[in-house]
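The values are calculated or read from the model by the stated rules, or taken from the named source; none is laboratory data. Computed from a prediction, not measured in an experiment: that's the story for all the values here. Cβ: placed from backbone, ideal geometry, glycine included. Neighbour counts: every protein chain shown. The area values use the complete protein model at the heavy-atom level, side chains included, leaving out ligands, DNA and RNA. Shrake-Rupley method; radii C 1.70, N 1.55, O 1.52, S 1.80 Å.
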Amino acid sequence: MKNIKPFLLLLAFALSSQLMAQQGVELKNIKEINGTELDFSPIPYGNGVIFTSSKSNRFLKCPAQNAGDYTDVKYAEKKADGTFGKPVSLTGNVNGKYNDGSCAMNPAGNKMIFTRNNLAGKNSDDVIDLKLYSADLDGDKWVNVTELPFDSSAWSTCHPALSNDGNLLIFSSNRPGSTDNSMDLYWSKLEGGVWSVPTGLGAGVNTGANELFPYLDENNNLFFSSDRPGGAGGLDIWAAAMNNSGQWEMIGNLGAPFNQSGDDVNFAPMNGGTEGYFASDRGHKDAQGRDDIYYWTYTPEKPCGGEVILAVEDKETKKRLVGASIELVPTEFTSMLDKIYSGFNASKNSLVAEKNGEFKVEVRKGMKYSLVTTMTDYKSDKREVLGEEIAANNCLYAIALTPDKCYCKLSLRIVEDPSGKRIPMADIKVLDKTTGTTVPLTSDNNGEAFIAQIDCDHEFEVTASKSSYTTKSISLKNIKEDCKAHNGVPPPYEIPLPPLKVVVLEPIFYDFDKYYIRKRDAQPTLDNLADIMGQYPSLVVQLGGNTDSRGTSKYNDRLSTNRANSARNYLVKKKKIDISRIMTEQFGETRPVNNCTDEVYCPETDHQLNRRVDVTAIKHNEPGIEFKTRPVTEMKVESDRKDRKGGRK
């Protein structure tokens, strides 16, 4: 390879360097296709490989010692056993009199860009330069050979590489603008069927040395050979990639065993960097000629057979945390291939814990990983750990997260709805629904109350009540957000209490020693009660019968029972109120509302107040309603009897 011009454009340069060596790489000389001269520029094609190979000098009029310095493009089929069949030259309008080789294929495999000598002859420097041509596959022949628009007879344009979509072309050239007139790498894009004006890859890749033989893998990682300083000697294989800013950036020297003191070129990886081809002039035990093509495989050491479980748990309870997130990023590598295919310019591998709080990941021995674990209401965890450490505990690696405790002051304000007026002396109960504990409070004169410290991670239910107001509860579920937003002292949570609607239940009055429903007042009162019970269907009432003090106690007990029953019967039979909603009780003469007891003189109007049935609400479910029994002493009721001269008991 060192004698071929200008295909390799070698410089008399060699430097040794301490480079990264790869474990798990195996090299195999493909003896079936390698000849005694030059075999290089392998690219995967179909079920085999296309490569450039020396041809006999039967078409040349040159000294015999130059045999092998002219090349053709060939193809070899890969067999099921991994060996290759006999190479065959591509047919059609390729493989001419001089040099054809170093080609690239589009994704469909029906268009080729290849390198060929300038058929017009030598340039002004007495050198036959190289040009790039395209060809189309027609059947089994390559036809329509067309020179690319940016070729020139004044400089060389060679060594094409195509992206995975076929729209990006990278090649080597010493055209004007190249660094120190060396061979630099350029790119051109296919836009509307036309290749754009070439642009250099920039100082991140190009140097004053020679950059040759580019290749783009399925991820558009760029591999090329260069005789720049820092290599093992001769032409070394280097790698670069386009960063997020669209600039080409060096990854580094591929290291041993791919690079050695001689020339190593045409690195063509496949299948995520696990296998591929390259060419080398190394002194391999199976070496056939000056440059041979090698097939290589890379088998990284993967603990636990390649699958490790990451588990996220609560540090205190050991409970698995469903929904936790991990960002897994490789940071240190033992292999340049690992760096290229697992780390460089790679996006963060963001994972979300499955239902059991676990992740399944692949790690490699010797590689170091950055793990950033996050979970709502927990402190983030950041660490770096080796792949073998992750797999050390029976292939399960647990990450314990510490709860992010938050405490704050809980302030409450009880107000009237809708006026907003503060309500003092309201009864408040704060239920911690997480622990089940209840804290009782009473609002101050400003309608406020507080708890000095609560756990923001807990859920609370606050209930406020006061006589003549509807009892209300509020649920506090997201206190942490308020606490953080107000530095642990959020503003008071307001609980509005609407005033109760008061429904007055009137007593029912009776004539002396009677229990019939008198029309002048008892009947309207019962009709009104029936309307109220219709409006509030959950209301259950008690009818409590009473008498005045005249007559015996036994007689009055029976009379009070009859009075309560007569009122109930009216409601049930006349007004169709369900009997289950009416309870009765007899009190006889035991509950006078005044001093009209035995042997006490009272006017008839006072005795009338004791001849009654009290209506009392026993229970109801209607919110915002308060049922009250009208105090009899506030009423003026006309008695059915008149006062007599001399008075009466």
Going by what's in this entry, would ILE423 be described as among the β-branched types (Val, Ile, Thr) and farther than 30 Å from GLU358 by Cβ? yes
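For every residue, the table says whether it meets (1) over 16 Å from THR525 (Cβ atoms); (2) of a type in the set (Asp, Glu).
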| position | (1), (2) |
| --- | --- |
| GLU599 | yes, yes |
| LEU609 | no, no |
| VAL613 | no, no |
| LYS619 | yes, no |
| GLU622 | yes, yes |
| LYS628 | no, no |
| VAL632 | no, no |
| LYS642 | yes, no |
Among the residues of region 222-244, are any surrounded by fewer than 16 Cβ atoms within 10 Å (Cβ to Cβ) and in a strand (DSSP E or B)? no
Return the pairs, sorted by first residue and then second, in which the second residue is modelled with pLDDT of 90 or more and assigned to a strand (DSSP E or B), the first residue lies in region 300-327 and is within 12 Å of THR402 (Cα to Cα) and of a type in the set (Lys, Arg), the beta carbons are less than 9 Å apart, and the residues are 6+ apart or on different chains. LYS315/ALA400; LYS315/LEU401; LYS318/ALA398; LYS318/ALA400; LYS319/GLU313
Only one of VAL322, VAL352, VAL361 is farther than 30 Å from GLU481 by Cα and under 19 Å from the mean Cα position of the chain (by Cα). Can you tell me which? VAL361
Determine if region 312-320 includes at least one residue that is within 30 Å of MET242 (Cβ to Cβ) and open to solvent by 30 Å² or more (accessible area, probe 1.4 Å). no
Can you go through ARG581, ARG611 and tell me which one is in contact with a strand residue (DSSP E or B) (Cβ under 8 Å, 6 or more places away or on another chain), of a type in the set (Lys, Arg), open to solvent by less than 30 Å² (accessible area, probe 1.4 Å) and at pLDDT 95 or above? ARG611
Please specify each residue of region 453-506 satisfying the condition of being among the small types (Gly, Ala, Ser) and not in a helix (DSSP H, G or I). ALA464, SER465, SER467, SER468, SER473, SER475, GLY488
Would you point out the residue of region 43-71, among those that are open to solvent by less than 20 Å² (accessible area, probe 1.4 Å), under 55 Å from the mean Cα position of the chain (by Cα) and not β-branched (Val, Ile, Thr), that is modelled with the lowest pLDDT? SER53
Look through PHE40, PHE13 and report the one residue that is surrounded by 14 or more Cβ atoms within 10 Å (Cβ to Cβ), closer than 30 Å to ASP184 by Cβ and at pLDDT 90 or above. PHE40
Test result for GLU622, touching a Leu at 6+ places or on another chain (Cβ under 9 Å), modelled with pLDDT of 95 or more, surrounded by 14 or more Cβ atoms within 10 Å (Cβ to Cβ) and not small (Gly, Ala, Ser): no
For region 433-453, check the following and say yes or no: at least one residue is touching a His at 6+ places or on another chain (Cβ under 8 Å), without any contact (Cβ under 8 Å) to a residue 24 or more places away in the chain and at negative phi. yes
Residue tally, condition of a type in the set (A, V, I, L, M) and out of contact with any Phe, Trp or Tyr (no Cβ under 8 Å at 6 or more places or on another chain), over region 618-634: 2
Give me a count of the residues in region 171-213 that are closer than 17 Å to GLY246 by Cα, open to solvent by 30 Å² or more (accessible area, probe 1.4 Å) and in contact with an Asp or Glu (Cβ under 8 Å, 6 or more places away or on another chain). 2
Confirm whether ALA256 is assigned to a strand (DSSP E or B) and not hydroxyl-bearing (Ser, Thr, Tyr). no
Give the residues of region 511-534 that are open to solvent by less than 60 Å² (accessible area, probe 1.4 Å), acidic (Asp, Glu) and in a helix (DSSP H, G or I), sorted by residue number. ASP527
Unmet requirement for THR334, which otherwise passes all of (1) out of contact with any Gly (no Cβ under 6 Å at 6 or more places or on another chain); (2) surrounded by 15 or more Cβ atoms within 10 Å (Cβ to Cβ); (3) of a type in the set (S, T, N, Q): (1)
Among the listed residues TYR341, TYR407, identify the single one that is touching a residue at least 60 places away in the same chain (Cβ under 8 Å) and open to solvent by 70 Å² or more (accessible area, probe 1.4 Å). TYR407
Scan of region 585-606 for residues that are surrounded by fewer than 18 Cβ atoms within 10 Å (Cβ to Cβ) and either among the hydroxyl-bearing types (Ser, Thr, Tyr) or farther than 17 Å from PHE512 by Cβ (or both), ordered by number: GLU585, THR590, ARG591, ASN595, THR597, GLU599, TYR601, THR605
Exactly one of MET242, MET250 is over 27 Å from GLU77 (Cα atoms) and in contact with a Gly (Cβ under 7 Å, 6 or more places away or on another chain), and that one is MET250
Identify all residues within region 540-565 that are buried (at least 22 other Cβ atoms within 10 Å of the Cβ) and of a type in the set (A, V, I, L, M); write none if there are none. VAL541, LEU543, LEU559, ALA564
Within region 186-202, how many residues turn out to be within 20 Å of ASN220 (Cβ to Cβ) and assigned to a loop (DSSP other than H, G, I, E, B)? 4
Among the numbered conditions (1) at pLDDT below 95; (2) over 16 Å from SER41 (Cβ atoms); (3) surrounded by 14 or more Cβ atoms within 10 Å (Cβ to Cβ), tell me where GLY82 comes up short. (3)
Among the residues of region 416-436, which ones are among the β-branched types (Val, Ile, Thr) and open to solvent by less than 10 Å² (accessible area, probe 1.4 Å)? ILE423, ILE428, VAL430
